[in-house]
Amino acid sequence: MGTDRVPAVPQNAAAARAVVTRLLEARFCGLGGEGLADVVVADALLVTSELVTNAVRHGGGLTGFSAEVVDDGLLLTVSDASTRAPVMTERDPGSAPVGGYGWPLVRRLTERVSVTHLPDGKHIVALVALV
């Protein structure tokens, strides 16, 4: 299977989701009916949204974005301007804090995720299975 790649730096999470939606529609002949299962598409879009939102909100801004369909699934690469690694926040089960759920969701919904630290930021690469 070849790869389809979309090199674009979206302005926000909604624009990134649109890029991924177009990529999946082009690759799988539409998202309704015979295409991917709705839950698979929802997971891919949620991971996209969380990674981009975290780059904008906590990473000093989105500096790079790519999405490509590879043999194993949807490969997302999100770059930001912060050298700080994503953090897993410990939760008190009795409290209802705001925020802090994105990175645990990304870790749960991906087949694999890696963080590469660079002198001027980091790249996060996540693979979402498309089955």
- Would you mind computing, in nm to one decimal, how far apart the modelled labels at L118 and R57 are, each placed 7 Å from Cα along Cα→Cβ? 2.3
- Given a 1.4 Å probe and the protein chains all in place, what does the accessible area of V113 round to, in Å² to the nearest 10? 40
- Can you run phi through the Karplus equation (6.51, -1.76, 1.60; θ = phi - 60°) for region 56-70 and list ³J(HN,Hα) in whole Hz, with x for Gly and Pro? 6, 7, 10, x, x, x, 6, 10, x, 7, 9, 9, 8, 8, 10
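Could you order F28, F65 by accessible surface area, starting with the largest, using a probe radius of 1.4 Å?
These residues rank, largest area first, as F28, F65.
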- How do H117, H123, H58 stack up against each other in accessible area, from largest to smallest, with a 1.4 angstrom probe? H58, H117, H123
- Each label point is 7 Å from the Cα along the Cα-to-Cβ direction; what then is the distance between the points at A26 and E111, in nm? 2.1
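The values are calculated or read from the model by the stated rules, or taken from the named source; none is laboratory data. Keep in mind that what you see is a predicted model, and the values were worked out from it rather than measured. Because the Cβ atoms are built from the backbone with ideal geometry, glycine has one as well, and the counts that use them run over all protein chains shown. Calculation scope for accessible area: heavy atoms of the full protein, side chains included, ligands and nucleic acids excluded. Shrake-Rupley method; radii C 1.70, N 1.55, O 1.52, S 1.80 Å.
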